[in-house]
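A.B. asks: My questions all concern the structure below.
The values are calculated or read from the model by the stated rules, or taken from the named source; none is laboratory data. Being a predicted model, the structure only gives us computed values, none of them experimental. All Cβ positions, glycine included, derive from the backbone under ideal geometry; neighbour counts span all protein chains shown. What goes into the accessible areas is simple: the full protein's heavy atoms, side chains included, and nothing from ligands, DNA or RNA. Shrake-Rupley method; radii C 1.70, N 1.55, O 1.52, S 1.80 Å.
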Amino acid sequence: MAKIKCYVIMPFDKTSEKHTTEYWTNHYESFLKPLILSQDNIEVSRSEPLRGDILKQIIHNLITTDIVIAELTDYNPNVYWELGVRQSFKHCTITIADKNTELPFDVYMKGTLFYDPNNHIDISDFQIKLKKAINDCISHPEISDSPILELISGRGTIYD
């Protein structure tokens, strides 16, 4: 059985005084990645500048990956652009942010999972919700979580 692919879109470089390049690397390697990998039959990745055009690699992953998790903390413009690309093509996108994040209007209505950035140790509530969201994407990939796809496909849409 092929593994479910999960792709994390998030900042790489410093986004604030508190959120440095080192913070984001640690956030992925020590917090998000282990949580995601605790699920059965799943693999996780994020962008890595290997060969060729990294933007093409990112777009390919956004369009083809089973599940995308978008880290919305600090309003990184690349993350929001990537979220827009993903939502233009596919469902099964989970948004997360630290609990101090005030989401902008265009993603405010989307269910976002919040974690305590000062206490990654006590993450039981966030962990349960993230696992539930991942399992929901695996069990029900057809359920819409993209306002773009809802508007442009199916009955009762702008094309109807």
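A.B. asks: Hey, can you find the accessible area per residue of the chain for me, probe 1.4 Å, expressed in square angstrom?
C.D. replies: 60
A.B. asks: Which value in nm describes the separation of the simple spin-label points at Ser88 and Glu43, placed 7 Å from the Cα toward the beta carbon?
C.D. replies: 2.7
A.B. asks: A further question on this structure: Would you calculate the separation in nanometres between label points at Trp81 and Glu29, each defined as 7 Å from the Cα along the Cα-to-beta-carbon direction?
C.D. replies: 2.6
A.B. asks: Further, regarding this structure: In a GNM of the chain with a 10 Å cut-off on Cα contacts, which of Asp125, Asp53, Asp13 has the highest mean-square fluctuation?
C.D. replies: Asp53
A.B. asks: Report, to the nearest whole %, how much of the accessible area of the chain belongs to carbon and sulfur atoms, 1.4 Å probe, protein only.
C.D. replies: C and S atoms contribute 54 percent here.
A.B. asks: Mind giving me the nanometre distance, one decimal, between the label points for Ser153 and Lys18, set 7 Å out from Cα along Cα→Cβ?
C.D. replies: 3.7
A.B. asks: Taking the chain, how many lysine pairs are there with alpha carbons less than 17 Å apart, if each pair must be eight or more places apart or span two chains?
C.D. replies: 16
A.B. asks: In percent, what relative contact order does the stretch 79-135 have, based on Cα pairs under 8 Å that are 6 or more apart in sequence?
C.D. replies: 29
A.B. asks: Could you order peptides 3-12, 74-83, 55-64 by the average number of other Cβ atoms within 10 Å of their residues, highest first?
C.D. replies: Ranking, from highest mean packing down: 3-12, 74-83, 55-64.
A.B. asks: Can you give the FRET efficiency for Leu55 and Asn119, using 1/(1 + (r/R0)^6), R0 = 35 Å, r = Cβ-Cβ distance, to the nearest 0.05?
C.D. replies: Efficiency at R0 = 35 Å is approximately 0.50.
A.B. asks: Now a separate question. Quickly estimate the mean residue ellipticity at 222 nm for the chain, helices only: each DSSP H run with n ≥ 4 gives -39500 (n - 2.57), and the total goes over all residues, rounded to 500.
C.D. replies: Taking each H run of at least 4 residues, the total per residue is -10500 deg cm²/dmol.
A.B. asks: Then there's this: Jot down the per residue volume, in cubic angstrom and as a whole number, of the convex hull over the alpha-carbon atoms of the stretch 36-86.
C.D. replies: 96
A.B. asks: Still on this model: Rounding to the nearest 10 and keeping the result within 0 to 90°, find how far the Cα-based axis of helix 124-139 lies from the longest principal axis of the chain.
C.D. replies: Once rounded, the angle reads 30 degrees.
A.B. asks: Note down the relative contact order for the chain as a percent, whole number, built from C-alpha pairs under 8 angstrom at least six residues apart.
C.D. replies: 22
A.B. asks: Let me ask you something else. Over the Cα atoms of the chain, what radius of gyration and what Dmax do you get, in Å?
C.D. replies: Calculated on Cα positions, Rg and Dmax stand at 15.6, 49 Å.
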